[in-house]
Amino acid sequence: MSATMTSTAVCTVETVPLEGGVAALVDGVAVAVFRTHDGAVFALSNLDPFSGASVLSRGIVGSRGDVPVVSSPMYKQAFDLRTGACLDDDAVRVTAYDVSVVDGVVLVGAPREVT
Amino acid sequence: MVTGKRQRIVVVGHGMVGHRFAQAAVERGLTETHDVLVIGEEPRAAYDRVGLTSWFGLGSEALSLLPGGEYDDPRVRLVLDSVVTEIDRVQKTVTVVSPPSAAVDLLTNPGAVTVHDYDVLVLATGAAPFVPPVEGRGKDGCFVYRTIEDLEAIKAASERATSGIVIGGGLLGLEAANALVQLGLSTHVVEMAPRLMPVQLDDAAGTTLVRHVEKLGVKVHTGVLTEEIEGDDAVTGLRVRQAGTEEGAPTEVVEAQVVVFSAGIRPRDALARECDLEVAPRGGVLVDEQCRTADPAIFAIGECAAPGGTMYGLVAPGYAMAEVVVDALLDGPGSFTGADMSTKLKLLGVDVASFGDAFATTEGALELTYADAVSGVYKKLVVSEDGRRLLGGILVGDASAYGILRPMVSSGLALPDNPEQLILPASSGAPMGMPDEAQVCSCNDVTKADILHAVSEQGCEDVAAVKQCTRAGTTCGSCVATVKNLVEEHFASQGLVVDKGLCEHFRLTRQELFDVVAVHGYRRFDDIVEAHGTGRGCDLCKPAIASILASQTSTHILEPATAGLQDTNDKYLANIQRNGTYSVVPRIPGGEITPEKLIVIGEVARDYGLYTKITGGQRIDLFGARMEQLPAIWKRLVDAGFESGHAYGKSLRTVKSCVGSTWCRFGVQDSVGLAIALELRYRGLRSPHKLKGGVSGCARECAEARGKDFGVIATEKGWNLYVGGNGGATPAHARLLAGDLDTETLVSYLDRFLMYYVRTADRLQRTSTWIEQLEGGLDRVREVVVDDALGLGAELEAEMARHVGGYADEWAETLADPAKLERFVSFVNAPDTPDPTIAFTTERDQIQPVAPALIPVGAPA
Ligand code: SRM
Ligand SMILES: Cc1cc2nc3c(=O)[nH]c(=O)nc-3n(C[C@H](O)[C@H](O)[C@H](O)COP(=O)(O)OP(=O)(O)OC[C@H]3O[C@@H](n4cnc5c(N)ncnc54)[C@H](O)[C@@H]3O)c2cc1C
Ligand code: SF4
Ligand code: FES
């Protein structure tokens, strides 16, 4: 776990649509923040590694099996919201960020270690 | 045979069989060594005589077997409107008479008489209707039922008539009766035998058929002799007498102004008789198993021929004979040794089938029957004495088992222990149980083995591919259901069940989901997935459900309940580009635009620095807008009177137009006006896939309407409507749905067609594949749309009316709703900061995206 002191407040939790996403600028880098149906909040890099475009926040949020996923709006690969792992290509992973909700505000923290 | 020199084949008659001969000659390489000259008496190239009755609904063009009137192979020459009058077997020539119109110089050559040499002569002159010697048969109002010209004459006469009589209650007679009913005449059928279809049916089946036919308003008179056709010059009625009574016994008059003779056919063998070739006792040119006459240079095929003394009045044996002769000319071993005379048809909407030894004439044969008087079903099986083999049968009212039963007869497959199971209601025969040699398609002689070969070896993945590759199911269509079962069972046996469910979240097909949503009135994804699915959905089911909801309601697609379901492009009402920017496509209906509006587009593009391109859809696309710029750009466009072009939606794109009668010297209707009207009518309609239309002002087809999902081509009398075309990955030509429509009828057919598609097509299935996969194909579509066979017409039109009435411009509404505008920001915490990864260079004076540097996989961004 990274230190929470570097976390950035990006928006209120209601700003993130249920089963949807928004993009935020965190230290000059685009981060996609998602909320799943049950209200859980996740953050991934906004960059779609397959096209290079900064668009993951605009993908469709749903599930594959038990995994909560976003599918890229560009070429539709699915990414695990918890880890950033691409479910359609074992070799690909996007950065997942620590994220928390404090007093109704979404805080994006540091990139998670790749395990 | 002289080698080295090209041989000439002359074919007399360009009917169904003559055409098949020419086709086979080209396909099998006979034209490498032979020139083929085909002489046809009718004014048009061969057409589908089997489907003659559909001429009333479809017109001549749709029936044609050779729409261009010419073969692709220049070594086959077709001369129409010309009659062979004489054969000289010694000189090996034929004499041909053509009408003056076909001659070069009208004054010096009134009717051309030409003489042509042949090395091989093929007679394919068909048959002529038999008109019994009834007194008065030459009066005005008497017709036969064989050619398109016959139907034109019957149609014209029916306009002045109230009732009509068909003489003859056989297969063709009932077909003619069907036509008279459709022409609005009160219709009678007069048959000498004690039942209808005496050749194919037994008494019980005939009685069942009478009940069906009478329900449709046809009065049936069986066991009746025709005495005289009454009237001065024109027919006023038919005098009849009960069969079995003496001449002079009381008679009765059935009033009618139209009489159609359908009392059987006679082979057209006169040419052969006149040059002393032998004919069979009951007519038909006598030929051997290679269809050769006693003169080795002359063959006869089709209905004019009598192989072994028997004449066959069906098209399939004729096709087989055509192939045999081509084979013989290639020195092949083919022979014609008789044919299956089974028939299955839908007469006046009633299924009727008769096959094999239908009358149990085989020694010791047993009959098993099932009859249900209430629903009008009669089925009979004829089985061998030991109960082991099926010999034949008759089915009336429900002929669904025909596809399984008929091959059992030809293959001699052993019957199950309880053969009656095969005809009891809800019997589901397993076609996989058929032996490989069983013939599935009799019209084209395709066996079960051929079909399995097509799927397992030739890479055919569906019924459409199998049809194309084997020809099975392409003639009368009665075998298509069996073909489909075989294909599906084959894939099932490979463990490849073609799962039609949408995705892992829904086992339902799109059509089933559409119905579920309509029945329950769902408006939210959550309710649907909870009741009918699992998990939280994905990029397959969510957009499909968004589309279904949009088709059934007229609510804005970015309402909170549905915004999250929308696919990439719908989500921002614009098309995403490779670098994450968007394009802007305002609607330009029919491609018509004022200079003022053109200037606005130019100004907006200039002010926002957008790349500008004329699209393939007769409109203008502006590329390179960042997501947060979209509202401002659209505000300028909406203020200038533009609206969304739905380039982003699975919905109507454009209705392409040509300039039409307003400017073009050839145009016969206002194609631009209609294209605009149709584009405005169907704009915004959410559909399983995108929809495109086209309207051309004349047959030159400059709008490429037949390359669209719906295409309209102007005629002198109105509009022809074509459906199921597209370009793209697998191009398809649209096919004629209905012809010569007035604008009102055209629109109602289109309303029905589009709504039927929206309701029943699969996800991302364009109209062409939808039609292919629909049971019954285009004919089914026509039944539903034109004949209103399901009684759905009014409902479909009402749904379309709801769509048209509920339409509102998506961009105008978005601009008016602050909640919807909130989503158009680059970053929630920095709404005006442009995405730093987007960059452009300049090429040919306009912007172009710079490919974003791909981030090393797994590395922190
Ligand atoms: C802009 C345009 C090409 C051009 O520079 O001219 C174009 C561009 C795109 N086409 Fe197209 N098509 C364009 C005319 C066509 C045509 C020609 C026509 O309509 O006469 C065709 C073939 C005709 C047809 O559709 O039957 C065509 C067949 C396709 C297909 C293949 C469809 C198929 O059934 O196989 C796709 C893929 C799809 O829809 O799934 C496609 C998809 C696309 C998309 C939307 C791909 C996407 O999702 O990003 C492209 C982006 C459009 C955009 O604005 O960003 N486009 N596309 C044309 C826009 C027309 C318009 O004004 O709306
Ligand atoms: C209404 C109707 C429904 C039918 N339904 C079915 C069905 O369901 N199933 C089925 O199997 N069959 C059906 N048939 C029969 C089928 O149409 C025929 O078996 C088939 O058309 C025979 O083909 P053909 O080429 O031998 O004869 P045709 O198609 O009649 O062609 C012969 C051609 O030769 C031309 N010709 C004749 N003499 C000369 C000459 N001297 N010079 C130049 N040209 C000449 C004729 O004008 C004609 O165009 C139906 C027929 C009709 C009329
Ligand atoms: S439609 Fe063709 S040209 Fe246009 S983006 Fe797609 S592939 Fe490229
Ligand atoms: S049986 Fe007629 S098309 Fe197959």
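For the reader, a short list of remarks on this structure follows.
- Hits in region A:79-92 - residues which are under 12 Å from the mean Cα position of the chain (by Cα) and either assigned to a loop (DSSP other than H, G, I, E, B) or more than 17 Å from A:ARG35 (Cβ to Cβ) (or both): A:LEU81, A:ARG82, A:THR83, A:GLY84, A:ALA85
- Filter result (more than 7 Å from every other protein chain (Cβ to nearest Cβ) and crowded, with 17+ Cβ neighbours inside 10 Å) within region A:18-29: A:GLY21, A:VAL26
- From the options B:HIS520, B:HIS532, B:HIS505, residue that is more than 16 Å from ligand 1 (Cβ to nearest atom), open to solvent by 30 Å² or more (accessible area, probe 1.4 Å) and in contact with a strand residue (DSSP E or B) (Cβ under 9 Å, 6 or more places away or on another chain): B:HIS532
- Looking only at residues in region B:542-566 that are surrounded by fewer than 20 Cβ atoms within 10 Å (Cβ to Cβ) and within 34 Å of the chain's Cα centre (by Cα), the one that is nearest to the other protein chains (Cβ to nearest Cβ) is B:THR553.
- Taken as a whole, the structure leaves B:TYR682 outside the set of residues that are within 14 Å of chain A (Cβ to nearest Cβ) and either within 16 Å of ligand 4 (Cβ to nearest atom) or within 30 Å of B:LEU815 (Cα to Cα) (or both).
- Cross-chain or 6+ apart pairs with Cβ under 9 Å, region B:460-473 first and part of a helix (DSSP H, G or I), then open to solvent by 70 Å² or more (accessible area, probe 1.4 Å) and within 14 Å of ligand 4 (Cβ to nearest atom): B:LYS467/B:THR474; B:GLN468/B:THR474
- You will find that of B:LEU368, B:LEU314, the residue that is within 27 Å of the chain's Cα centre (by Cα), under 30 Å from B:ALA204 (Cβ atoms) and surrounded by fewer than 21 Cβ atoms within 10 Å (Cβ to Cβ) is B:LEU314 and no other.
- Of all residues in region B:56-72, those being open to solvent by less than 30 Å² (accessible area, probe 1.4 Å) and of a type in the set (A, V, I, L, M, F, W, C) number 3.
- Selected residue (only one of B:VAL50, B:VAL11, B:VAL26 is away from ligand 1 (no atom under 16 Å from the Cβ) and crowded, with 20+ Cβ neighbours inside 10 Å): B:VAL11
- Residue within region A:2-17 that is facing chain B (nearest Cβ under 7 Å), over 13 Å from the mean Cα position of the chain (by Cα) and of a type in the set (Ser, Thr, Tyr) present: yes
- Within region B:139-198, restricting attention to residues that are among the polar types (S, T, N, Q) and under 24 Å from B:TYR47 (Cβ atoms), the residue that is surrounded by the fewest Cβ atoms within 10 Å (Cβ to Cβ) is B:GLN182.
- Among residues of region B:724-739, those that are β-branched (Val, Ile, Thr) and touching a helix residue (DSSP H, G or I) at 6+ places or on another chain (Cβ under 6 Å), counted: 0
- Residue ID - nearest to B:TYR757 (Cα to Cα), chosen from residues in region B:774-791 that are surrounded by fewer than 16 Cβ atoms within 10 Å (Cβ to Cβ) and not acidic (Asp, Glu): B:ARG780
- Residues satisfying the stated conditions in region B:649-680, i.e. surrounded by fewer than 22 Cβ atoms within 10 Å (Cβ to Cβ) and not in a loop (DSSP other than H, G, I, E, B): B:SER661, B:THR662, B:GLY673, B:ILE676, B:ALA677, B:LEU680
- Residue count for region A:37-47, restricted to those that are at the interface with chain B (Cβ under 8 Å from one of its Cβ atoms) and out of contact with any Lys or Arg (no Cβ under 7 Å at 6 or more places or on another chain): 3
- Members of region B:792-814 found to be open to solvent by 60 Å² or more (accessible area, probe 1.4 Å) and of a type outside the set (A, V, I, L, M, F, W, C), listed by number: B:GLU795, B:ARG802, B:GLY805, B:GLU813
- Flag for B:LEU286 being under 18 Å from B:THR337 (Cβ atoms), surrounded by fewer than 23 Cβ atoms within 10 Å (Cβ to Cβ) and within 16 Å of ligand 4 (Cβ to nearest atom): no
- Any hit, region B:305-322, residues being without any contact (Cβ under 8 Å) to a residue 12 or more places away in the chain and in a strand (DSSP E or B): no
- The one condition in (1) buried (at least 19 other Cβ atoms within 10 Å of the Cβ); (2) within 16 Å of ligand 1 (Cβ to nearest atom) that B:GLY697 fails to fulfil: (2)
- Any strands (runs of 3 or more DSSP E) falling wholly within region B:112-188 and containing at least 2 residues that are out of contact with any helix residue (DSSP H, G or I) (no Cβ under 9 Å at 6 or more places or on another chain) and over 29 Å from B:SER64 (Cβ atoms): B:112-117
- Sole exception among (1) in a loop (DSSP other than H, G, I, E, B); (2) open to solvent by less than 60 Å² (accessible area, probe 1.4 Å) for B:LEU452, by number: (1)
- The criterion of at least 2 residues that are more than 13 Å from ligand 2 (Cβ to nearest atom) and in contact with a helix residue (DSSP H, G or I) (Cβ under 8 Å, 6 or more places away or on another chain) is met, among strands (runs of 3 or more DSSP E) falling completely within region B:1-95, by B:34-39.
- Looking across region A:73-83, the residues that are open to solvent by less than 60 Å² (accessible area, probe 1.4 Å) and under 25 Å from B:ASP570 (Cα atoms) come down to A:PRO73, A:MET74, A:GLN77, A:ALA78, A:PHE79, A:ASP80, A:LEU81.
- Region B:336-362, residues that are out of contact with any strand residue (DSSP E or B) (no Cβ under 9 Å at 6 or more places or on another chain) and at pLDDT 85 or above: none
- Any hit, region B:678-691, residues being in contact (Cβ under 8 Å) with a residue 24 or more places away in the chain and at positive phi: yes
- The residues of region A:84-109 that are within 12 Å of chain B (Cβ to nearest Cβ) and open to solvent by less than 20 Å² (accessible area, probe 1.4 Å), listed by number, are A:GLY84, A:CYS86, A:VAL92, A:VAL94, A:THR95, A:ALA96, A:TYR97, A:VAL106, A:VAL108.
- The lone criterion from (1) in contact with a helix residue (DSSP H, G or I) (Cβ under 6 Å, 6 or more places away or on another chain); (2) in a loop (DSSP other than H, G, I, E, B) left unmet by B:PHE753 is number (2).
- Region A:48-72: number of residues that are surrounded by fewer than 24 Cβ atoms within 10 Å (Cβ to Cβ), among the hydrophobic types (A, V, I, L, M, F, W, C) and facing another protein chain (nearest Cβ under 9 Å): 1
The values are calculated or read from the model by the stated rules, or taken from the named source; none is laboratory data. This structure is a prediction, so every number in the text was calculated from the model and none was measured. All Cβ positions, even for glycine, are placed from backbone atoms using ideal geometry, and neighbour counts span all protein chains on display. Just the protein is used for accessible areas: all its heavy atoms, side chains included, with ligands, DNA and RNA removed. Shrake-Rupley method; radii C 1.70, N 1.55, O 1.52, S 1.80 Å.
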